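To start, the structure itself, in structure tokens.
Throughout, read-outs are computed from the coordinates displayed, never taken from laboratory work. Every value quoted in this text rests on a predicted model; they were computed, and no experiment measured them. With ideal geometry, Cβ positions are generated from the backbone for all residues, glycine too; neighbour counts draw on all protein chains shown.
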Amino acid sequence: MNSGMVVACLGQVLAREAEMEAAHPETKGALGGALYSERMGRLARAACAARPGDILELVVLSGTTSVRLAAVARALGRRLACVDNWRPGTEYRLEEVEAAFLNSIHQWTDVVDVWKMDAHTDDARRLLRTRDWAFAMSDDGHRFEDHQHELESILPRCRAIVVVDDYYYAPEVPDAVADALKRHPDWIPLRDERLREVWLVRKAATDATA
Ligand SMILES: C[S@@+](CC[C@H](N)C(=O)[O-])C[C@H]1O[C@@H](n2cnc3c(N)ncnc32)[C@H](O)[C@@H]1O
């Protein structure tokens, strides 16, 4: 399938996912994210079917999405890298969240790498650029600089799909995405305002021959 067809197919998938999300009774309170974790599992599977590479989740909180991504990784012979620093003293009660995460992924450790680190350092960028990713998620905070740093770490090594969360309710996120797309014109944004996130799809690298 050439990249134009992959983008067109994913456009149809996006519309279907948005309809399902909008029909869910908890969608309004969850800001377009009631089905987020299961949607990420389906999308990771589609990305891995299109291209080689591992799966990256940046950041993971308590691991609700991680277990779905780990199941995809194991089924398709890939690995899942989970990045988070669970820094204490923030509003999320992160000590407890980290323990919940470790408990969630307990049965998936054969396919999961846990990288406990600040995602926005030079070290993190170097590490993130050591692998090819088929599917990656960028979800750390609502600030322009955070998403800009994450996208610069991920886009050069991701081959199929990057999901950026919080697109429709954090005004700096669309700015960071627009800024990244100027520097990476081989990526196409797919979005629907019934969902909380934007999907970035790589044009050339989605071709089987690319
Ligand atoms: C759910 S995210 C918060 C961002 C989210 N998009 C939101 O709606 O607020 C929270 C997670 O981000 C992680 N996190 C925040 N800043 C980080 C950083 N610089 N490096 C790694 N993880 C971070 C926290 O440890 C926590 O697990």
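Numerical summary
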| quantity | calculated |
| --- | --- |
| Listed residues D175, D140, D165, most fluctuating in the chain (Gaussian network, C-alpha, under 10 Å) | D175 |
| Lysines with Cα under 26 Å of K203, excluding same-chain neighbours fewer than 8 positions away | K182 |
| Segment 187-198 - phi-based ³J(HN,Hα) in whole Hz, Karplus 6.51/-1.76/1.60, Gly and Pro as x | 10, 10, x, 10, 8, 8, 6, 7, 10, 8, 10, 10 |
| Rough spin-label spacing in nm, given labels placed 7 Å along Cα→Cβ, for A15 and R157 | 3.6 |
| Order of E150, E98 under a 10 Å beta carbon neighbour criterion, fewest first | E98, E150 |
| Beta bridges by DSSP in the chain, antiparallel share as percent, to the nearest 5 | 30 |
| Volume in Å³ per residue [convex hull over Cα atoms, computed for segment 144-210] | 71 |
| Residues listed by number, segment 114-149, amide nitrogen under 17 Å from L76 label point at 7 Å toward C-beta | 131-138 |
| Options L102, S138, A160, ranked by Cα towards positive dipole end of the chain, top entry (Cβ charges) | A160 |
| Extension gain, R87 back to T64 (0.36 nm per residue minus Cα-Cα distance, nm) | 6.4 nm |
| About the Cα centre, charge dipole magnitude for segment 3-202 (Lys/Arg +1, Asp/Glu -1 at Cβ), debye | 880 |
| Packing-based exposure ordering (other Cβ within 10 Å, fewest first) of F101, F144 | F144, F101 |
| If the convex hull is drawn through the Cα atoms of the chain, its volume per residue in Å³ | 116 |
| Residue list for segment 52-69, given a label point 7 angstrom along the Cα-to-Cβ vector of H142 and an amide N cut-off under 14 Å | none |
| Phi-based couplings in Hz for segment 146-151 (Karplus 6.51, -1.76, 1.60; Gly and Pro marked x) | 4, 6, 4, 4, 4, 5 |
| Stretchable slack from Y169 to A22, in nm (0.36 nm times residue separation minus alpha-carbon distance) | 51.3 nm |
| Computed lengthening from R131 to L102, 0.36 nm per intervening residue step minus Cα-Cα distance | 8.1 nm |
| DSSP bridge pairs, segment 103-210: antiparallel proportion in percent, nearest 5 | 65 |
| Cut-off under 5 Å, modelled amide H: who pairs with L56 long-range | A81, F135, A136, M137 |
